[in-house]
Amino acid sequence: MARVALVTGGTRGIGHAICLALKSKGFRVAASYAGNDAAAQKFQAETGIPVYKFDVADFDASSKAIQQIEKDVGPIDVLVNNAGITKDAPFHKMSKEQWDAVIGTNLNGLFNVTRNVWEGMRTRKYGRIINISSINGQKGQFGQVNYSASKAGDIGFTKALAQEGARAGITVNVICPGYIGTEMVRAVPKEVLEKNILPQIPLGRLGEPEEIARCVVFLASEDAGFITGSTLTANGGQYLA
């Protein structure tokens, strides 16, 4: 029977590519989203992948949604914690709301979703958890104290949980993408991209969402069974961890 994968934030950008890649490899995929109903319905119509609307920052909503997903699609074997937001500001201008919103989604969201699949994975003695962090969780970034803190927390979450999951047959790994050519990044003015961003990347280009998706597919596969607690950097050489 095909393994079931849940991709949070799965209807756009990197999440969209991850869903398609997992489906192409025979996984039964479900995608979550938080707010863009039009994009989600378009995604579902085009891919045939069912979508579920809930806020990963809300534990009870996450629990309820995961129960429904497992009823509809099956027990979740692979969890890709991809949902994330930014609310950038220099720290002296950063509000408590900006801090709480980013930590709530990007870090608390990992707990809220993972906790609700963890017992099932432990019972079945199998699981793959793949967290999507960021290059800025490794090196920091001006104007992103909240985002960098949340993404650094994702890395610590991964390393600790990997030690708990190992004996239960659950691997936990994290991917740190660099600048990826999503809709958000491609909206950056061309002159800023060419003068300030691309020169920092030794490969001289943005990454593609499909390149991150291929990393996820490998870590979700049986071939990656001896890899856990690892941080996979995919940033074109911009930051060498």
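No lab work stands behind these numbers, since they all come straight from the coordinates. Quantities reported herein were computed from a predicted structural model and do not represent experimental measurements. No Cβ is skipped: glycine too gets one built from the backbone with ideal geometry, and neighbour counts run over all protein chains shown.
Observations on the model:
- One residue alone among Lys23, Lys64 is basic (Lys, Arg) and within 25 Å of Ser150 (Cβ to Cβ), and that residue is Lys64.
- Some residue of the range 169-179 being loosely packed, with under 15 Cβ neighbours inside 10 Å and in contact with a strand residue (DSSP E or B) (Cβ under 8 Å, 6 or more places away or on another chain): yes
- If you go through the range 1-15 and keep only what is farther than 17 Å from Gly127 by Cα and over 11 Å from the mean Cα position of the chain (by Cα), you end up with Thr11, Arg12.
- Within the range 127-159, restricting attention to residues that are of a type in the set (D, E, K, R) and surrounded by 23 or more Cβ atoms within 10 Å (Cβ to Cβ), the residue that is nearest to Met94 (Cα to Cα) is Lys151.
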